[in-house]
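What follows is a set of notes on a single structure, which appears directly below.
The values are calculated or read from the model by the stated rules, or taken from the named source; none is laboratory data. Given the structure is predicted, the values throughout are model-derived calculations rather than measurements. With ideal geometry, Cβ positions are generated from the backbone for all residues, glycine too; neighbour counts draw on all protein chains shown.
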Amino acid sequence: MSLRNSLNHFMSRAMDRTRRQKSGRTEHHASMIRATMEEPAWRALSPVAQALYPWLKLEWRGPKFNNNGKIRLSVRQAAERIGVALNTAAKGFHDLQAKGFIVVTESACLGLEGEGNSPAYEITELGLPHSDRSEGRKLYRAWKAGRDYTVHKATANNPHGKNGRQKNKTLSQNLRRPVLKMMTNLPEAS
């Protein structure tokens, strides 16, 4: 390649880059693969789960910065993005798990300084980082009607509350024990 051709090539690439930046073509997108959408598991998904799946794929950073297995999207964020109630969005996540499209890799937890972390997901259609396989596990291909995968549901971390492990005591049971024990060590009078 001559010097003139290489200079022209360099200039055209630089102009293309600036043209893309000015036109706003840096928009993030998620590709939906037709073969995935033709699977029986996809057709068995609820419309909410089908609407939620592209939003989960948008959280993936691509093959160069693969974060599959650490994809986080909270139920609250999902509900806001697809325009449904919180319980409906949670059912969408459960449906995607049951059909093998996503797998929970980390449970939701309370992070540093009391900030909550939503669960981390693996999208089974996509390959995991540091894996020998370039493709994902695609668990949805093995799904059969009536044989759903295990769904990981968030548990309440409130041992004394409504959903906790301990049963609530009745009022009469609470009245039988002292509410407050006071102990004072007064010096004896001499």
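Applying the criterion of being outside any loop (DSSP other than H, G, I, E, B) and of a type in the set (Gly, Ala, Ser) to the residues of the stretch 34-78, the residue that is modelled with the lowest pLDDT is ALA35.
Being loosely packed, with under 11 Cβ neighbours inside 10 Å and farther than 19 Å from LYS57 by Cα is the filter here, so list the residues in the stretch 134-152 that pass it. Matches in the stretch 134-152: LYS144, ALA145, GLY146, ARG147, THR150. Listed conditions (1) modelled with pLDDT of 90 or more; (2) of a type outside the set (Asp, Glu); (3) at positive phi are all met by GLY24, apart from (1).
The residue pairs whose first member lies in the stretch 37-60 and is farther than 18 Å from ALA78 by Cβ, whose second member is of a type in the set (Phe, Trp, Tyr), and whose beta carbons are closer than 6 Å, counting only pairs six or more residues apart or on different chains, are GLU39/TYR140; ALA41/TYR140; ALA41/TRP143. Just checking, how many residues over the stretch 79-103 are more than 11 Å from the chain's Cα centre (by Cα), without any contact (Cβ under 8 Å) to a residue 24 or more places away in the chain and assigned to a helix (DSSP H, G or I)? Qualifying residue count for the region: 4.
Of all residues in the stretch 109-133, those satisfying the criterion of being in a loop (DSSP other than H, G, I, E, B) and surrounded by fewer than 16 Cβ atoms within 10 Å (Cβ to Cβ) are GLY111, GLU115, PRO129, HIS130, SER131, ASP132, ARG133. If I filter the stretch 117-129 for residues that are aliphatic (A, V, I, L, M), in contact with a helix residue (DSSP H, G or I) (Cβ under 9 Å, 6 or more places away or on another chain) and modelled with pLDDT of 90 or more, do I get at least one hit? The answer is yes; a qualifying residue exists.
ARG72 passes every criterion in (1) surrounded by fewer than 18 Cβ atoms within 10 Å (Cβ to Cβ); (2) farther than 28 Å from SER131 by Cβ; (3) not hydroxyl-bearing (Ser, Thr, Tyr) apart from (2).
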